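Participant: I'd like to ask you about the structure that follows.
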Amino acid sequence: MDKYVVTVSREYGSGGRLIGKKLADDLGISFYDGELLSLVAKESGYTEDFVRRNDQKKTQSLLYHLYIGSQILPASDMIFIAQSRVIKDLYNKESCVIVGRCADYVLRGFDNVINVFITAPLESRIARVRDEYGEQAENYRAYLLKKDKNRIAYYNYFADDAWGKVQTYDISVNSDIGIEKSADILTDYIKTRLGDK
């Protein structure tokens, strides 16, 4: 099979990172999520701490853009540009799974890219965040919706398409069926799609 990249977009608490990791293990390819930030730091020359603090953030206001317009790019924009270069370099070097970071948008139009979206009912996501991730929140529903809102804002800021729009993904899986079963379905789909039956 030729080199390929699987991008994983996901609702917060849907288990998308876990599914992506299992998918990479099952396919015998590399996995990038937080690991990508170390590569971005090397590419950009910024410290890893600086990259982590500005990762997946968007510039907040039009006023800021007007002020900064005659200055340099905002840190989040510079990180996104460096991150995009790293994602494209990975595409050229190896088969891998990349979680989040607008990878589906960055690699739009590239051959052998499979874009996956992981979803789950809100109640299931709340249970995973509370029980498996051990995160604390006064109102889990509001907490998850805010996390998703931030992901949507980040994606929509950098991409010229809408996050979660079904037409931009090759396959979407409801992870309520379980992490392993979700990864199994995706593994079968990817092998069939790329012709390794």
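Participant: Look through segment 3-38, keep the residues that are assigned to a loop (DSSP other than H, G, I, E, B), of a type outside the set (Asp, Glu) and at negative phi, and return whichever of them is surrounded by the most Cβ atoms within 10 Å (Cβ to Cβ).
Facilitator: We begin by selecting, within segment 3-38, every residue assigned to a loop (DSSP other than H, G, I, E, B); these are 3-4, 11-15, 28-29, 33-34.
Retained after the next criterion (residues that are of a type outside the set (Asp, Glu)): 3-4, 12-15, 28-29, 34.
Now drop any that are not at negative phi, which leaves 3-4, 12, 14, 29, 34.
Details: 3: 14, 4: 21, 12: 20, 14: 28, 29: 17, 34: 11.
Among those residues, the one meeting the criterion is 14.
Participant: Kindly list, by first and then second residue, each pair from a residue in segment 13-31 that is closer than 11 Å to residue 180 by Cα to a residue that is of a type in the set (S, T, N, Q) and in a helix (DSSP H, G or I), limited to pairs with Cβ atoms under 6 Å and residues at least 6 apart or on different chains.
Facilitator: Listed pairs, sorted by first residue: 15/175; 19/182; 26/187.
Participant: Out of segment 22-44, which residues are over 16 Å from residue 89 (Cα atoms) and small (Gly, Ala, Ser)?
Facilitator: Start the filter on segment 22-44 by keeping residues that are over 16 Å from residue 89 (Cα atoms), which leaves 22-28, 34.
Result: 24, 28, 34.
Participant: Would you pick out the residues in segment 171-197 that are loosely packed, with under 13 Cβ neighbours inside 10 Å and either farther than 24 Å from residue 124 by Cα or without any contact (Cβ under 8 Å) to a residue 24 or more places away in the chain (or both)?
Facilitator: 177, 178, 188, 192, 195, 196, 197
Participant: Is it fair to say residue 118 is surrounded by 14 or more Cβ atoms within 10 Å (Cβ to Cβ), at pLDDT 95 or above and assigned to a strand (DSSP E or B)?
Facilitator: Criteria met by residue 118.
The values are calculated or read from the model by the stated rules, or taken from the named source; none is laboratory data. Just so it is clear, the structure is predicted and the values come from calculations on it, not from any experiment. Counting neighbours? That spans all protein chains shown, and the Cβs are built from the backbone with ideal geometry, glycine included.
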